[in-house]
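Worksheet: the structure to be examined is printed underneath.
The values are calculated or read from the model by the stated rules, or taken from the named source; none is laboratory data. Quantities reported herein were computed from a predicted structural model and do not represent experimental measurements. FYI the Cβ positions are ideal-geometry reconstructions off the backbone, even for glycines, and counts take in every protein chain you see.
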Amino acid sequence: MNESALAAHDTTRAILSAFYYVYNQLGHGFVESVYQRALGNTLERTGHAVAREAPLTVVFESRVVGLFRADLIVDQCVIVEAKAVEQLAIAHEAQLLNYLHAAQLPVGLLLNFGPRATFRRLVGRAALDAASRERAPSEPPPYVAPRISG
């Protein structure tokens, strides 16, 4: 595991710990901004660098075509998108994956402060590209025995 992947792993663990702490303290029913602030405060108190409402741009054909703000970027390696919905949807995951791509960050967490605390950990293209570069090109693919029916 490379250094940036290790940092993202440690940061992800800290974020999830803070997520459950905040959820247990506040419960369900507040708007997303309340949870975002509480989570950011908790992470800062435990020594993590937190960028709130971090501006990100979308570039298409060498031109900026969109601006958006990520809820939190923690330790410059994990994007956090907080929701307070009944349940997470595929559209929420797509949003976070697009944020990861635009920010070129390896990992994102989608945290739901809904009736039941749930989360999704998503890996961005930057991390997948790094992982594929780390694999030795000379390694043969694993052998899979053919199935014989009969």
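Checking the condition in contact (Cβ under 8 Å) with a residue 40 or more places away in the chain and more than 14 Å from residue 19 (Cβ to Cβ), which residue from 96, 100, 56 passes?
Answer to the check: 56.
Please determine, by comparing only the residues of region 104-131 that are assigned to a loop (DSSP other than H, G, I, E, B) and crowded, with 21+ Cβ neighbours inside 10 Å, which one is modelled with the lowest pLDDT.
Out of the qualifying residues, it is 124.
Among the numbered conditions (1) part of a loop (DSSP other than H, G, I, E, B); (2) farther than 20 Å from residue 112 by Cα, tell me where residue 56 comes up short.
(1)
Surrounded by fewer than 15 Cβ atoms within 10 Å (Cβ to Cβ) and under 14 Å from the mean Cα position of the chain (by Cα): is that true of residue 13 in this structure?
For residue 13, the condition - surrounded by fewer than 15 Cβ atoms within 10 Å (Cβ to Cβ) and under 14 Å from the mean Cα position of the chain (by Cα) - is met.
Could you list, in sequence order, all residues of region 19-53 that are under 17 Å from residue 114 (Cβ atoms) and surrounded by 16 or more Cβ atoms within 10 Å (Cβ to Cβ)?
19, 22, 23, 32, 35, 36, 38, 39
Could you list all residues from region 59-97 that are outside any strand (DSSP E or B), surrounded by fewer than 18 Cβ atoms within 10 Å (Cβ to Cβ) and charged (D, E, K, R)?
Scanning region 59-97 gives 61, 86, 93.
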